[in-house]
Amino acid sequence: MSIPKNHHYISQIHIKNFFNKEDGGIYLYDKNQNNLFKSNGTRNIFSEKNLNTIRLSENDLDYTSIENELNDKFEKDFNRHLETIVGFIDSHQFSTEVDSALMYFARYGVIGEFRTPDFKRRMDDAIFNGMKDIMEHAVDGLKDKFFKAFKFDEEVKYTNTNNFDELADNIIETMGEMSWVLQVPKNQEDYFLLGDFGAATVRDKINVYFNPDVKEIAYIGFPLSSKIYLHLYSTKWSKSPQESIIQILSSAHVYEINKANFMYAKKLIACENEIYLQNFIFQVRKDLGM
């Protein structure tokens with residue numbers, strides 16, 4: 001049995017909530033190429049070959065550990081918790097199940113950007129460039145180990161040292177108590193877009209440290225589906241709303257959220273509806289002078 005090497009930086013179970021079952025596809029827009037196109041499946045979008053592969057030794061590669069961790073801790077219960085949120089939006093009856101679902105999505109969202117190729121590349125470059133001069137003068141064993149860790153190829157592209165489960169717990173702990181806003185379009189012809197960054201985050205000073213310049217994640221925002229957008233705020237953040245609410249959004253408000261995510265995206269955005277995406281791209285390019 002072959003080992004899957006195509007690794008997603010946005011979980012397929014998440015992407016499928018933007019898949020148009022009637023059309024049998026999902027619609028994508030490439031900002032760099034100014035190209036709108038349809039994908040008939042989710043297997044090869046928001047993914048990269050060997051994204052999560054780890055080098056254990058010279059001839060021993062681990063293709064599955066990170067994939068298994070993501071599935072176990074962040075993916076397998078995604079739709080169950082989404083159903084809880086859908087039910088809550090309909091009933092407005094808050095419960096421990098709703099609270100658990102919101103915390104599940106907080107953990108999923110907070111690691112979103114850490115999973116992307118762009119973030120992994122930037123972090124590896126920063127560590128390597130910051131340490132290479134020191135390691136040139138290290139003892140041979142340590143020096144060799146360091147440079148081998150950053151010897152990338154088509155099989156191993158990143159150091160992949162993050163423990164995502166632990167990372168999520170640590171960030172959520174620093175955020176502390178959270179407030180939330182759930183948003184739903186009023187117009188059934190409006191759709192939220194999914195960007196290639198996983199979830200938008202904002203950093204700010206929310207805790208007191210000896211170094212006054214330390215900033216931590218204070219906000220997480222991303223669409224759970226084409227019809228539900230979730231915002232999570234540390235209550236320690238000065239911009240956190242005073243109460244958690246469900247909001248029904250006008251078309252103009254949906255557009256502004258999608259515009260912000262379009263600008264945040266590195267390259268790709270996805271949408272369930274082709275006509276909405278076509279109209280959105282026309283308007284946003286006009287507004288941004290593109």
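How big is the dipole moment of segment 102-238 about its Cα centre under a simple scheme where the beta carbon of each Lys and Arg is +1, that of each Asp and Glu is -1, and everything else is neutral? Debye, nearest 20, please.
The dipole of segment 102-238 has a size of about 200 debye.
Enumerate the calculated ³J(HN,Hα) couplings along segment 242-252 in order (Karplus 6.51 cos²θ - 1.76 cosθ + 1.60, θ = phi - 60°), each rounded to whole Hz, writing x wherever the residue is Gly or Pro.
Ordered by residue, 3J(HN,Hα) equals 6, 9, 8, 9, 9, 10, 9, 9, 6, 4, 5 Hz.
Give me the Kirkwood hydrodynamic radius of the chain in Å, from all C-alpha pairs, to one decimal place?
When all Cα pairs of the chain are included, the Kirkwood radius is 20.6 Å.
So how tilted is helix 78-91 from the main axis of the chain? Cα-based, degrees 0 to 90, rounded to 10.
30
How large is the convex hull of the Cα atoms of segment 123-266 per residue, expressed in Å³ as a whole number?
Looking at segment 123-266, the number lands at 166 Å³ per residue.
Which one, Ile66, Phe147, Ile54, is farthest towards the positive end of the dipole of segment 49-160 when Lys and Arg carry +1 and Asp and Glu -1 on their Cβ?
Sorting the options by dipole projection puts first Phe147.
How long are the three semi-axes of the equivalent ellipsoid for segment 69-131, computed from the Cα gyration tensor as the root of 5 times each eigenvalue, in whole Å, largest first?
34, 11, 9
Answer with one residue from Val86, Ala270, Phe210: the one whose Cα lies farthest towards the positive end of the charge dipole of the chain, charges on Cβ with Lys, Arg +1 and Asp, Glu -1.
Farthest towards the positive end: Ala270.
Using the beta-carbon distance between Arg80 and Phe147 and R0 = 41 Å, what value does 1/(1 + (r/R0)^6) give for FRET efficiency, to the nearest 0.05?
Working from the Cβ atoms, E equals 0.35.
Would you compute, from DSSP H runs of 4+ residues alone, the mean residue ellipticity of the chain at 222 nm, taking -39500 (n - 2.57) per run and dividing by the full residue count, rounded to the nearest 500?
Here the helix-only value at 222 nm equals -11500 deg cm²/dmol.
Evaluate the charge dipole of the chain about its Cα centre and quote only its size in Debye, nearest 20, assuming +1 on the Cβ of each Lys and Arg and -1 on the Cβ of each Asp and Glu.
It works out to roughly 720 debye.
Expressed in whole Å with the largest first, what are the equivalent ellipsoid semi-axes of segment 31-168 derived from the C-alpha gyration tensor as the square root of 5 times each eigenvalue?
The answer is 37, 19, 14 Å, longest axis first.
So what's the angle, to the nearest 10 degrees on a 0 to 90 scale, between helix 117-135 and the longest Cα principal axis of the chain?
30
Answer with one residue from Phe18, Asn129, Asn32: the one whose Cα lies farthest towards the positive end of the charge dipole of the chain, charges on Cβ with Lys, Arg +1 and Asp, Glu -1.
Final value for the positive-end residue is Asn32.
Just want to confirm a number: the relative contact order over segment 10-138, from Cα pairs under 8 angstrom separated by 6+ residues, in percent.
Relative contact order comes out at 17 percent.
Would you please give the FRET efficiency between Ile3 and Glu256, computed as 1/(1 + (r/R0)^6) with r the Cβ-Cβ distance and R0 = 35 Å, to the nearest 0.05?
Working from the Cβ atoms, E equals 0.25.
Explain nothing, just the number: dipole magnitude of segment 166-290 about its Cα centre with +1 on each Lys and Arg Cβ and -1 on each Asp and Glu Cβ, in debye rounded to the nearest 20.
Magnitude of the dipole: close to 400 debye.
Multiplying the sequence separation of Asn40 and Glu274 by 0.36 nm and subtracting their Cα-Cα distance, what value in nm do you get?
83.0 nm
What accessible area, in Å² to the nearest ten, does a 1.4 Å probe give for Asp169?
Counting only protein heavy atoms, the figure is 80 Å².
Carbon and sulfur: what percent of the chain's accessible surface (1.4 Å probe)?
Carbon and sulfur together cover 49 percent of it.
Hey, any idea what Rg/Rh is for segment 103-162, computing Rh the Kirkwood way over Cα pairs?
1.10
Which is the longest part of the chain that has none of the chymotrypsin sites (Phe, Trp or Tyr not before Pro) sitting in a DSSP loop with at most 10 other Cβ atoms within 10 Å?
The longest uninterrupted stretch comes out as 1-208.
How long are the semi-axes of the ellipsoid equivalent to segment 1-108, from square roots of 5 times the Cα gyration tensor eigenvalues, in whole Å, largest first?
29, 23, 11
What FRET efficiency would be calculated for the residue pair Arg203, Glu154, taking the C-beta separation as r and a Förster radius of 35 Å, to the nearest 0.05?
It comes out at approximately 0.60.
Once the piece of chain linking Asp99 and Phe282 is laid out straight, how much longer is it, given 0.36 nm per residue of separation minus the C-alpha distance between them?
Extra length from Asp99 to Phe282 when fully extended: 62.0 nm.
Compute the orientation-averaged projected area for segment 245-290 from the convex hull of its Cα atoms and round it to one decimal in nm².
For the Cα atoms of segment 245-290, the hull's average projected area reads 3.9 nm².
Using alpha carbons only, how many degrees (0 to 90, rounded to 10) separate the axis of helix 274-288 from the longest principal axis of the chain?
Roughly 80 degrees between the two axes.
For segment 136-141, take each phi angle, set θ = phi - 60°, evaluate the Karplus expression 6.51 cos²θ - 1.76 cosθ + 1.60, and give the result in whole Hz per residue in order, putting x for glycine and proline.
Here the 3J(HN,Hα) series is 4, 10, 7, 4, 3, x Hz.
Want the number for Ala138 to Asp30: 0.36 nm per residue separation, take away the alpha-carbon distance, what's left?
34.4 nm
The values are calculated or read from the model by the stated rules, or taken from the named source; none is laboratory data. Predicted, not measured: the structure shown is a model, and the values here were computed from it. Neighbour counts are summed over all protein chains in view; Cβ atoms, including those assigned to glycine, are modelled from backbone coordinates with ideal geometry. Just the protein is used for accessible areas: all its heavy atoms, side chains included, with ligands, DNA and RNA removed. Shrake-Rupley method; radii C 1.70, N 1.55, O 1.52, S 1.80 Å.
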